[in-house]
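The values are calculated or read from the model by the stated rules, or taken from the named source; none is laboratory data. Bear in mind that the values here come from a model prediction, so they are computed numbers and not experimental data. Counting neighbours? That spans all protein chains shown, and the Cβs are built from the backbone with ideal geometry, glycine included. What goes into the accessible areas is simple: the full protein's heavy atoms, side chains included, and nothing from ligands, DNA or RNA. Shrake-Rupley method; radii C 1.70, N 1.55, O 1.52, S 1.80 Å.
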Amino acid sequence: MNYRRLGKTGLMVSEIGLGGEWLERHDYKECKAVIDRAEEWGINILDCWMSEPNVRTNIGKAIAGRRDRWLIQGHIGSVWQNGQYVRTRDVERCREAFEDLQNRLQTDTIDLGMIHFIDQESDWEAAINGPYLDYVRELKASGRIRHIGMSTHNPAMAKKAVESGIVEMLLFSVNPAFDMLPPTDNIDNYFVDQYQNGLSGIDPARIELYKLCEQHDVGITVMKPYAGGRLFDEKRSPFGVALTPVQCIHYCLTRPGVAAVMAGYDTPEQVDQAAAYETASQEEKDYATVLSRAPYHTFGQGACTYCGHCKPCPAHIDIALVNKYFDLASMQPEVPATVKAHYLSLEHHAGECIQCRSCESRCPFGVTIADRMKQAAAMFEG
């Protein structure tokens, strides 16, 4: 296993990490099997953002006696209420949930205390300009967290966090599907440079963020490296071709500022598939050649790339985020409760769409956005 410095935290993290989200589906024995296999490979960083009590207990039991071998990302503001996950900035509820996290993980200190899930300007204002941030800083001053981080899917919010000087690292969603968009509206020119430039074809806002993280020494741990498994299936991939776990991981690890890829695992075998990156050949890691051979005429047509060209929306719907949550949920046999909770936390929902279709005239990929808003509303609000 290779280890990388996580920005100004100074922590040396395994470049393959463990994202705990999928462990919610499993009992203690199954959780322990995944965690043990990760440890055998030398994985040393684990993200536990989930508020569900059983998964926290199972992780704590699985690492008991070996806590010093793990660096833990623990989230502040992820709480369990009325039997489901809720995001909050209420300090007392955050305090109760964070104490529960520490108790169930059987630890006095969380290595990376994460400002949980900031995706919109209103989220940022609520977290930064109120008592919530005071509580986060109190946790660090008391030694209950060692470093302050933040989780976000939105490069604009990530940029705010980096420039604020508040955070030392980010948990950010990175993969080719989320990053890439055509430099022009001409789809046939998308792969014209054959990715000789490592940042060719990427959303300029993300290029700016990655470079900013390097300049400010803010390390990145990656969530959603596989786009929920979408990139493994050529029929669901926006590129019309399938990538492997190794190729997805290599894409993430070649982004500036990235230290670790927090892949989610259901089984020990999936840990093996990710950790195979450490012994993979350059040919096995090569994603650029695969993408450069993607069929031009099918790339992106009808599939949202979350680029945001559809804005503005008269109903103020964040169309890109709604589509992202809709796609993530559609890839699973049942709608994941966590994805639904993220969707419901948005200020405006798909059901508010007035079907004006003005967004569709601005979409370079021919996405039938109004129809997808109907489908998303039926999925999450029905």
(message) HIS75 - would you say it is open to solvent by 20 Å² or more (accessible area, probe 1.4 Å), part of a strand (DSSP E or B), touching a residue at least 12 places away in the same chain (Cβ under 8 Å) and not hydroxyl-bearing (Ser, Thr, Tyr)?
(response) no
(message) Residues that are open to solvent by 30 Å² or more (accessible area, probe 1.4 Å), over 28 Å from ALA33 (Cβ atoms) and not charged (D, E, K, R): list the helices (runs of 4 or more DSSP H) wholly contained in segment 243-292 that include at least 1 such residues.
(response) 282-285, 288-292
(request) Go through (1) free of Cβ contacts under 8 Å to residues at least 12 places away in the same chain; (2) closer than 23 Å to SER173 by Cβ and name the single condition GLY65 misses. (result) (2)
(request) Identify the single condition in (1) touching a residue at least 40 places away in the same chain (Cβ under 8 Å); (2) more than 22 Å from GLY264 (Cα to Cα) that MET157 does not satisfy, given that it satisfies every other one. (result) (1)
(request) Inspect segment 320-328 for any residue being within 26 Å of TRP80 (Cβ to Cβ), open to solvent by less than 30 Å² (accessible area, probe 1.4 Å) and among the charged types (D, E, K, R) and give the result as yes or no. (result) yes
(request) Kindly provide the set of residues from segment 105-162 that are at pLDDT below 95, of a type in the set (D, E, K, R) and surrounded by 18 or more Cβ atoms within 10 Å (Cβ to Cβ), ordered by number. (result) ASP119, ASP123
(message) What are the pairs with Cβ atoms under 7 angstrom where one residue, in segment 236-265, is on the phi > 0 side of the Ramachandran plot and the other, located anywhere, is open to solvent by 30 Å² or more (accessible area, probe 1.4 Å) and of a type in the set (S, T, N, Q)? Sequence gap at least six, or different chains.
(response) GLY240/THR298
(request) Filter segment 110-138 for residues that are in contact with a strand residue (DSSP E or B) (Cβ under 8 Å, 6 or more places away or on another chain) and of a type in the set (Val, Ile, Thr) and give the result. (result) ILE110, ILE115, ILE118, VAL136
(request) Please tell me if ARG236 is of a type in the set (Lys, Arg), surrounded by 19 or more Cβ atoms within 10 Å (Cβ to Cβ) and either touching a Cys at 6+ places or on another chain (Cβ under 7 Å) or at pLDDT below 80 (or both). (result) no
(request) Could you tell me whether segment 213-228 includes any residue that is hydrophobic (A, V, I, L, M, F, W, C), buried (at least 22 other Cβ atoms within 10 Å of the Cβ), part of a helix (DSSP H, G or I) and at pLDDT 95 or above? (result) yes
(request) Name every residue in segment 33-62 that is farther than 20 Å from GLU15 by Cβ, in a helix (DSSP H, G or I) and not basic (Lys, Arg), in order of residue number. (result) ALA33, PRO53, ASN54, VAL55, THR57, ASN58, ILE59, GLY60, ALA62
(request) Would you point out the residue of segment 332-382, among those that are under 20 Å from ASP233 (Cβ atoms) and crowded, with 17+ Cβ neighbours inside 10 Å, that is modelled with the lowest pLDDT? (result) PHE365
(message) Which count do you get for residues in segment 21-48 that are modelled with pLDDT under 95 and either under 23 Å from ALA280 (Cβ atoms) or surrounded by fewer than 24 Cβ atoms within 10 Å (Cβ to Cβ) (or both)?
(response) 5
